[in-house]
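*Asks:* Below you'll find the structure I mean.
Since every read-out is calculated from the coordinates, none of them should be taken as a lab result. All of these numbers come straight from a predicted model, not from anything done at the bench. Please note: Cβ atoms are built from the backbone with ideal geometry, for glycine as well, and neighbour counts cover all protein chains shown.
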Amino acid sequence: MFTLLGGNGVTLKAKKCHLFSNEVEYLGHVIRPGRISVNEKNLKAIRKAIYPKTQTQLRSLLGMCNKYRRFTAGFAKVAKPLNKLVSSSLPKKLCPPTVEEQAAFDRLREQLCHPPISARTNNRLNRWRIRLAEFDYNVEYKPGRQHAIADALSRMPTEGLNTTPIPEDIPVVGVTTRSGAVLDPRRPENKGQVPISMAELAKEQLANSISQEICKDMDTTDRTRFYENGDGILCRHGQQEGTQQVVVPRSLVTDVLER
């Protein structure tokens with residue numbers, strides 16, 4: 001790390017460095033191995049907060065709450081009654097809160113004063129990472145002004161808002177590997193962690209309804225990308241030649257995403 005910093009011309013001030021520590025305070029958070037939480041100093045200020053009397057005070061409060069929105073379930077929905085009050089068309093001095101506005105303030109304060117400890121791993125990002133892993137692609141930067149099609153689509157009037165909820169769960173996950181079963185404890189790359197055993201994976205695949213349907217299709221048609229490998233594990237041929245995907249049942253998805 002020091003070599004990298006020095007090579008890039010970065011200097012450090014010794015009195016601000018904390019070496020060999022299991023936690024560090026950074027931008028209002030306390031970061032520990034694999035975990036992040038709200039700094040207790042900031043929680044004390046939140047506990048003493050009263051309902052704002054001006055738009056300036058409310059913007060300050062909402063700014064702090066937005067900083068910690070990852071710890072607040074449904075933050076946008078909860079804060080909506082308060083966000084309406086900072087409109088430039090309204091007086092700078094706030095009126096006494098309505099029942100809805102006071103409830104929104106109390107709920108935000110309550111959730112921020114009792115925040116969960118958040119895992120740094122983002123499961124939603126991991127879902128996309130796993131889904132994209134079977135493709136060979138390059139990520140290239142494109143200036144915003146060149147996104148004419150995307151801008152046009154986002155501004156195009158429609159018949160109505162699609163309120164269909166986006167499911168957080170995915171029934172199965174295809175974990176891609178070019179060299180064999182990615183969860184196989186015999187593989188050298190898996191020695192640094194406790195892998196899911198083949199027996200456990202096979203058991204959960206047998207109990208999973210979607211895996212059962214896939215196996216039925218395998219018995220009735222040859223036009224399928226699914227197959228059983230030498231260990232009896234349900235897999236799928238990836239998009240790229242030579243890749244295989246281990247089918248992970250819903251019951252093991254969270255465990256795989258957090259590894």
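*Asks:* Distance check, please: which entries in LYS13/LYS44; LYS53/LYS84; LYS48/LYS84; LYS41/LYS67 exceed 18 angstrom between their Cα atoms?
*Replies:* LYS13/LYS44; LYS48/LYS84
*Asks:* Further, regarding this structure: Please state the relative contact order of the range 38-118 as a whole percent: Cα pairs under 8 Å, 6+ residues apart?
*Replies:* For the range 38-118, the relative contact order is 45 percent.
*Asks:* Percent of Cα-Cα pairs more than 14 Å apart in the range 196-259, please.
*Replies:* 58
*Asks:* Which of the peptides 30-41, 4-15 is most tightly packed, and how do the rest follow, going by the mean number of other Cβ atoms within 10 Å of each residue?
*Replies:* Order by mean packing, descending: 30-41, 4-15.
*Asks:* Once the convex hull of the C-alpha atoms of the range 38-118 is built, how many Å³ does it hold per residue, rounded to a whole number?
*Replies:* Each residue corresponds to 83 Å³ of Cα convex hull volume.
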